[in-house]
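Take a look at the structure set out below.
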Amino acid sequence: MDFKSYLENIYIIPILIFSVVIHEMAHAWVALKCGDTTAKDLGRITLNPIPHIDLFGSILVPLFSIIATGRVFIAWAKPVPIDGRNFRHFKRDDTLVTIAGPISNLIIALLCSVFVIIIYYITTSMNLQEGSYTFQFLGYMFKMFYAGILLNVSLAVFNMIPIPPLDGSHVMANLLPDKLAMKYRQIGFLGIFIILGLFNFVPGFSRFFGAVIGYVAQPYLIFVNLFIK
């Protein structure tokens, strides 16, 4: 990829930052509803990206991914601080807080689908001249929201992998007996190396992961294709 190609792929960054911010804000908001004010007190229930953004996971890793491959494969924001002692029913509330993030990404994917359809109809109804600023801007927005569909589905699926420290590990831990759950949680951030190992050294895992993303994304793409011919 040349420098121009890098710039053409930067359109994914705004929707990526927005998506990870909403993901973390959803964790914080549901935690508050479940009785824990920790995240709220630290200013994490906000659309302001600054409190949520992790320089490495939200910016440098996605940029490196774009430069290396032209796509974003992985990204994350600062984890939302949660004090489970404030929950009324720990396992239930911890599970609700956990799934709030991936569910928010699936909702964003739906909103991206709607915006793709709206922008398509605006562009086709205005008879814009190719190369005009308005045409280019709408084209940029179309690409961003269309990419946002698959991006948010990918974020939802990736985060639900049941390996610490991903969201799915909380759900898995809450399904396990207490002693086993305690040992399982002790994997902690070592789980990152397990995840990297699965993607890089386990034959077929990346293909399986991609197939799951495609399966989850299919209803969104079918919905879009109903309106875009």
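The values are calculated or read from the model by the stated rules, or taken from the named source; none is laboratory data. Since we're looking at a predicted model, the values are computed, not measured. Cβ placement follows ideal geometry from the backbone for every residue including glycine, while neighbour counts extend to all protein chains displayed.
Restricting S65, S19, S5, S58 to residues that are closer than 22 Å to Y140 by Cα, among the hydroxyl-bearing types (S, T, Y), modelled with pLDDT under 90 and under 13 Å from the mean Cα position of the chain (by Cα) narrows the list to S58. Considering only region 208-229, how many residues are in contact (Cβ under 8 Å) with a residue 40 or more places away in the chain and in a helix (DSSP H, G or I)? Looking only at that region, the number is 10. Screening the candidates L16, L55, L63, L47 for the property of being under 22 Å from I195 (Cα atoms) and either β-branched (V, I, T) or surrounded by fewer than 14 Cβ atoms within 10 Å (Cβ to Cβ) (or both) yields one hit, L55.
Take the residues in region 166-203 that are in contact with a Lys or Arg (Cβ under 9 Å, 6 or more places away or on another chain) and of a type outside the set (A, V, I, L, M); name whichever of them is surrounded by the fewest Cβ atoms within 10 Å (Cβ to Cβ). Of everything passing the filter in region 166-203, N174 is surrounded by the fewest Cβ atoms within 10 Å (Cβ to Cβ). With respect to (1) under 30 Å from L175 (Cα atoms); (2) touching a residue at least 24 places away in the same chain (Cβ under 8 Å), the lone exception for I107 is condition (2).
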